[in-house]
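Quick notes on the structure that follows.
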Amino acid sequence: MFDCGFTKENNWFRYRAAAIIVENDCVLLATNDKVDYYYSVGGGVQMGEKAEDAVVREVFEETGIHYEIERLAIIHENFFADSSECFKDLKCHEIALYFLMKPRGTQELNSNSFTQDNIKEGMVWIPIKDLDKYKAYPTFLKEYLSKEHTEIEHIVTVE
């Protein structure tokens, strides 16, 4: 299957489903040896796939665990410059749906994940109170997780 996205000239558009996974006041983020930051668990929605199915699939692929969705939490419009090998030097426009996942009561994972560039990923539990000490994306995550939310948030980030 192909991810919903395209490139045109020096621009890249991507439709992404991402997870907010919180256990014991820590949030799960991913990283790899090619980057100096942490990022949300998730990935591209495939053609013909519902975002809900995509986030469940991506979370399982990256963590080895079947998490369930609690609710849609955030619609994120993200404008940034990509530095990955696949899309180097492209201006990116990403629409991401962030789903809050139901806690399982454990931080145990069975991760064996690779990036779209085929680089081994690592999963890291970061205490929410310490998120501002890390270079982590999305940048709004600590503020979002420090408050109660009942409605879907719409967030726009321009970097």
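Bear in mind that the values in this text are calculations on the coordinates, not laboratory data. Please read these numbers as outputs of a predicted model, since none were measured by experiment. Note: ideal-geometry Cβ built from the backbone for every residue, glycine included; neighbour counts use all protein chains shown.
Note that the chain shows a convex hull volume over its alpha carbon atoms of 112 Å³ per residue.
Going through the cross-link list Lys91/Lys142; Lys91/Lys120; Lys8/Lys129; Lys102/Lys142; Lys91/Lys147, which pairs have a Cα-Cα distance over 29 Å in this structure?
Details: Lys91/Lys142 25 Å; Lys91/Lys120 25 Å; Lys8/Lys129 40 Å; Lys102/Lys142 18 Å; Lys91/Lys147 32 Å.
Exceeds cut-off: Lys8/Lys129; Lys91/Lys147.
Label sites at Tyr134 and Lys120, each approximated as a point 7 angstrom past Cα along Cα to Cβ, lie 1.9 nm apart.
What ranking of Ser111, Ser146 emerges when the number of other C-beta atoms within 10 Å of each C-beta is taken as an exposure proxy, fewest first? Kindly include the intermediate steps, with their values, before the conclusion.
Numbers: Ser111 17, Ser146 10.
If I rank by nearby Cβ atoms, fewest first, I get Ser146, Ser111.
As a rough footprinting exposure proxy, the listed residues Ile69, Ile75 were ranked by other beta carbons within 10 Å of their own, and the order from fewest upward is Ile75, Ile69.
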